[in-house]
Amino acid sequence: MTDTIFALATPAGRGAIAILRLSGPDTDAALTALGAGTVRARVASLRTLRQGPDVIDQALVLRFPGPGSYTGEDCAELHLHGGRAVVEAASSALIALGLRPADPGEFTRRAFENGRMDLAQAEAVADLIDAETRAQAGQALGQLEGALSQTYAGFRRDLLKALALVEAEIDFPDEELPDHLAQTAGPVLDGLSEALNAALADADRGRRVREGYRIVLIGETNAGKSALFNALVAREAAIVTPIAGTTRDVLDADLIMGGYAVTLSDTAGLRDSADPVEAEGVRRARARAQAADLRLWVRAPGDPEGDAAMFTTPQDLVVWTKADLGARDPAAGGLVVSATTGEGMSDLRAAIEARLIRDLAGADFPAVTRERHRRRLVEALASVEAGRARLGSAPELAGEDLRRAADALGRVTGAIGVEDILGEVFSTFCIGK
Ligand SMILES: Nc1nc2c(ncn2[C@@H]2O[C@H](COP(=O)(O)OP(=O)(O)O)[C@@H](O)[C@H]2O)c(=O)[nH]1
Ligand SMILES: [Mg+2]
């Protein structure tokens, strides 16, 4: 027997309106007890809400009877005046009526449990709430509308088709045609491997949009990294001095470039240092450089090449800074900027934005947005390939492989075996969703 929950669905604090959301079997009874009288379904009704003789507020009341509601249960919304005292009074009244404050993500969890959405869609709800860029919101909306779920369901259908062929073969072995399965189920599995490989090759894109594209500035000490970092984030975030080894820790700044979320990191100059603090900074700089989606190798005219070359790839951007001080090496390519005068900064921004578009703009495949999805795809692919290899020799074992692959895919959308992942998915939600 489920209880009836409520939560503030709008941000905590003072506001024009605060919305309390209710879900569960006692929703209608609670509305009656608050004095709302008869409230038509899905029509806003202005009501004076009371706790006993005390007036709580004049509120707009909305009823969403189950099963056609967000959670699938009877739901309601109280649109209150957004003062703390009003929200407090309404909440205490609901508690007095036996309702319980909801846990984080509990509304969406109920929606999932009542079949109103699958797991990937529930995750998309959380992503949409967290979205700060249009790209993040667009990706989350696509997932909410089922783009990801449909793709995975398509993969699963292909798998089950191949599995049916394998099982038919086990039940009715055809002595005449030992390679029959390789001809029927084989092509289905080959197509599936190809699709899974393509999805995995693209798996970074969704993560980069959702969590932010990671750009790291690296280079020699005193090259001008911190000055460039400040220029890019447009505030004096990092300390800039002529003293080599000024920056020791990694400094992160979140910004939006070209409509995408970006985390820009300033790092310690790459040199061997006897100072244990600086040495740790250099170790962190290297680790960040390796994990980055893009490195900006910051170089000053006349500086030695140093260690940065070991941490950059030809895909990274070379940025010659301090252009106001002199010419760079004409043989070397790269962008030319000055953090002091601002020269070349708009070209640098444009080059970064071009890279963001290249790496993040839409592909055919709905992006794999979470590590949880990626892990399941890897599992599914391994099982599909194992099954493919055993089609001719050991169809029973191949059948097992394909069943395992279908399981892995089913776990992404919650079609099967979900108990263990529910906590992982819903614990990251905010209360009221
Ligand atoms: N003239 C000039 N000096 C710069 C420029 N960028 C940095 N500097 C100077 O170079 C020195 C080292 O800069 P900093 O950003 O701390 O280098 P980092 O060690 O790579 O972070 C400081 O004295 C800065 O004022 C620039 O574009 N032009
Ligand atoms: Mg620095």
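At a glance:
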quantity: Under the Karplus curve 6.51 cos²θ - 1.76 cosθ + 1.60, θ = phi - 60°, whole-Hz ³J(HN,Hα) for segment 305-320, x wherever Gly or Pro sits; calculated: 5, x, 7, 4, 4, 6, 10, 10, 10, x, 6, 6, 9, 9, 10, 7
quantity: Kirkwood-type radius of the chain, with distances r between different C-alpha atoms, in Å; calculated: 25.9
quantity: Rounded FRET efficiency, nearest 0.05, which uses the C-beta distance separating residue 372 from residue 92 and R0 of 45 Å; calculated: 0.70
quantity: Positive minus negative residues near residue 359 (Lys, Arg vs Asp, Glu; Cβ under 10 Å); calculated: +2
quantity: Qualifying GluC sites (Glu not before Pro) in segment 80-168, DSSP loop, other Cβ atoms within 10 Å at most 12; calculated: 132
quantity: Segment 9-32 and segment 234-284: distance between their alpha carbon centers, rounded to Å; calculated: 46
quantity: Residue 341 versus residue 211: modelled label distance in nm, points set 7 Å from Cα along the beta carbon direction; calculated: 4.0
quantity: Structure-based [θ]222 nm, the chain - -39500 (n - 2.57) summed over DSSP H runs of at least 4, per residue, nearest 500; calculated: -14500 deg cm²/dmol
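No value in this document is a laboratory result; all are computed from the given coordinates. Just so you know, these numbers come straight off a predicted model, no measurement behind them. Here Cβ is always computed from backbone atoms with ideal geometry, including for glycine, and neighbour counts include all displayed protein chains.
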